[in-house]
Amino acid sequence: MRVNTDLFSLSAEVQAEINERHEYEQELSRRHCSYVHFIAESINQPDSYRSIDDPEYREPTPSEIREVFEHLANVHSKGIVTKMLGIKGKSNPMRTINRWIDGESSIPYPAWRLLLILDGRVVQTNRLPTEIGEKPWKKYYKKV
């Protein structure tokens, strides 16, 4: 891990604030990971929950999209979920969601993945390879 050395020139107060935010977000990430793996039964999830570069990935079915969207909308609201996905429309932003749920159009992978992350169904890790080019996120992909 590389540290941005410019941080050392910041005041002690700013460094402390950065560290506090880091520790807080690290705790939120830990809780999210714990939820996904120990409560949401990540081991039994459908193949549509896999990363798109996983050979076992398949596109979600309309019923899978409906299940995730409705669960998330119950926590927030349909309007908030459309905003979280960046769907904007002057008349009815739900029209796009309804097309995905009805199977009229495919949900783009980034929107699907974001729904899964926001609903606590998957953990998204960075996609930065190690210094020697390894891709650590592939650890549990099946060999094809």
The distance between the Cα centres of the range 38-53 and the range 19-37, in whole Å, is 20 Å
What lysines does LYS88 reach when the alpha-carbon gap must be under 23 Å and sequence neighbours fewer than 8 apart in one chain are set aside? LYS78
I'd like the Karplus ³J(HN,Hα) series for the range 97-109: coefficients 6.51, -1.76, 1.60, θ = phi - 60°, whole numbers in Hz, and an x wherever there's a Gly or Pro. 4, 4, 5, 5, 5, 7, x, 6, 8, 7, 7, x, 3
Shape call for the range 36-86, from the Cα gyration tensor axes a ≥ b ≥ c (a/c under 1.5 means rounded, otherwise prolate when a/b beats b/c, else oblate), comes out prolate
Taking the Cβ of PRO60 as the centre, find all other residues whose Cβ is under 15 Å away and add up their charges (Lys, Arg: +1; Asp, Glu: -1). -4
Report relative contact order for the chain in percent, whole number only (criteria: Cα-Cα under 8 Å, sequence separation at least 6). 24 percent
About the Cα centre of the range 1-83, what is the dipole size in debye to 20, counting +1 per Lys and Arg Cβ and -1 per Asp and Glu Cβ, all else neutral? 200 debye
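Let me know the longest stretch in the chain that avoids all GluC sites (Glu not before Pro) found in a DSSP loop with at most 14 other C-beta atoms within 10 Å.
57-103
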So, with +1 on the Cβ of K and R and -1 on the Cβ of D and E, and no other charges, what is the size of the charge dipole of the chain about its Cα centre, to the nearest 20 debye? 480 debye
How about the range 1-34: which trypsin sites (Lys or Arg not before Pro) there lie in a loop by DSSP and see at most 16 other Cβ atoms within 10 Å? ARG2
Accessible surface of the chain, 1.4 Å probe, proportion on carbon and sulfur as whole %: 53 percent
Only helices counted: for the chain, with every DSSP H run of 4 or more residues adding -39500 (n - 2.57) and the sum spread over all residues, [θ] at 222 nm is -13500 deg cm²/dmol
How much accessible surface does ASP6 have with a 1.4 Å probe, in Å² rounded to 10? 100 Å²
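The values are calculated or read from the model by the stated rules, or taken from the named source; none is laboratory data. Because the structure is predicted, anything quoted here is derived from the model rather than measured. All Cβ positions, glycine included, derive from the backbone under ideal geometry; neighbour counts span all protein chains shown. What goes into the accessible areas is simple: the full protein's heavy atoms, side chains included, and nothing from ligands, DNA or RNA. Shrake-Rupley method; radii C 1.70, N 1.55, O 1.52, S 1.80 Å.
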